[in-house]
Amino acid sequence: MVDVSTFLSISIAGIGLGALYALVAMGFSLIYKVTGVLNFAQGQLALLGAYGVVIFATPAVLGLNLPAVVAVLATIAGGLLLGIILERVVFRHFIGEPVLSVIIVTLALGGIITGLLRFLVGPNFMSYPAALKPGWSIDLPLGTSIGASFTLGVVLSLVVVVSLMLFFRYTVTGSILRAAAADEQAAMVLGVSIERTIIIAWALSIAITSIGGILLAMASGGAGFTIEAVGIIIFAAVVFGGLDSIPGAFLGALVVGLLQEYGSFYATDVIGPGAGEILPMVFLLVVILVKPRGLFGTERIERI
């Protein structure tokens with residue numbers, strides 16, 4: 001007999017965790033939607049966002065001791081700047097190159113980020129400032145509640161997914177990005193700057209991913225290198241929703257978060273430790289077999 005209160009508590013935790021994953025997943029999907037790049041450094045970019053707060057808010061690395069809110073804003077701004085730098089220095093030179101080449105570049109980027117962070121802050125868990133470890137929660141029915149980081153994750157992920165949908169549908173810049181994504185060559189003929197669209201995509205993607213990384217760290221009280229493992233979980237989420245669908249990435253992340261929490265609570269006794277991480281991967285395999293393009297992915301027709 002399933003206890004309703006327990007099931008509801010686990011479901012709330014799964015939705016909260018999925019909302020944090022959704023921010024990272026939407027960053028992944030945004031890059032693929034605009035540039036066609038499968039960014040396998042997404043987990044490391046989330047890790048960079050998590051450790052960005054440590055770098056700016058504690059004197060451990062740069063000797064800074066900024067207020068927590070300022071450190072968060074500086075980290076997000078740093079994500080925007082990093083996106084611009086990556087486009088200018090790296091990805092601009094791979095426009096029109098084989099997909100495999102770009103994938104290798106993102107894998108190398110992930111390795112560089114991990115190595116650089118280990119060099120700067122060491123391999124140990126770094127606690128967040130007290131201001132970023134809020135203890136409040138919101139009470140829900142049947143004696144359940146949702147914690148601060150999960151609440152912020154749900155609110156921010158909803159804001160981001162709605163904002164991106166409105167941005168792509170109703171703004172001139174969003175229409176340009178959609179045109180470039182649909183047909184890069186035709187967009188260039190019409191005068192669209194592909195370099196500019198890639199800059200916008202990378203800057204927005206890394207900024208959103210940084211927010212996800214910060215909230216994932218807040219959920220555990222600080223930054224640790226386990227956050228980079230979120231990359232493979234995010235891949236499961238975006239494949240389920242459709243690689244180029246931002247709402248699909250949001251929905252897929254919620255499903256993955258729920259599966260992880262259900263697996264950790266209900267399947268550990270049957271499968272063993274790690275069941276929460278296994279179930280999303282099984283889910284990914286089933287989705288790829290049954291619906292390779294995901295629920296909302298664009299079906300591309302190629303004429304020979």
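Just so it is clear, none of the values below were taken in a lab; they were calculated from the coordinates. Computed from a prediction, not measured in an experiment: that's the story for all the values here. Glycine also receives a Cβ, built like all others from the backbone with ideal geometry; neighbour counts cover every protein chain displayed.
Multiplying the sequence separation of residue 267 and residue 127 by 0.36 nm and subtracting their Cα-Cα distance, what value in nm do you get?
47.3 nm
Once you compute Rg and the Kirkwood Rh from C-alpha atoms, what is the Rg to Rh ratio for segment 210-270?
1.02
By its C-alpha gyration tensor, with a ≥ b ≥ c as the square roots of the eigenvalues, how is segment 1-66 shaped: rounded for a/c under 1.5, else prolate for a/b larger than b/c, else oblate?
In terms of gyration-tensor shape, oblate.
Within 10 Å, count the other beta carbons around each residue, average over each peptide in 200-208, 280-288, 38-46, 138-146, and list them highest first.
Final packing ranking: 38-46, 200-208, 280-288, 138-146.
Can you bin segment 23-160 into rounded, prolate or oblate? Criterion: square roots of the alpha carbon gyration tensor eigenvalues sorted a ≥ b ≥ c, rounded for a/c under 1.5, prolate for a/b above b/c, oblate for the rest.
Oblate is the answer for segment 23-160, as a/c is 1.5 or above yet b/c matches or exceeds a/b.
So what is the relative contact order of the chain, in percent, for Cα pairs below 8 Å that sit 6 or more residues apart?
34
Per residue of segment 28-36, in order, report the coupling 6.51 cos²θ - 1.76 cosθ + 1.60 (Karplus, θ = phi - 60°) as ³J(HN,Hα) in whole Hz, putting x for Gly and Pro.
Listing the rounded values in order: 4, 5, 4, 4, 5, 4, 8, 10, x Hz.
Quick check: from the Cα gyration tensor, does the chain come out rounded (a/c under 1.5), prolate or oblate?
Oblate, because a/c is 1.5 or more while a/b does not exceed b/c.
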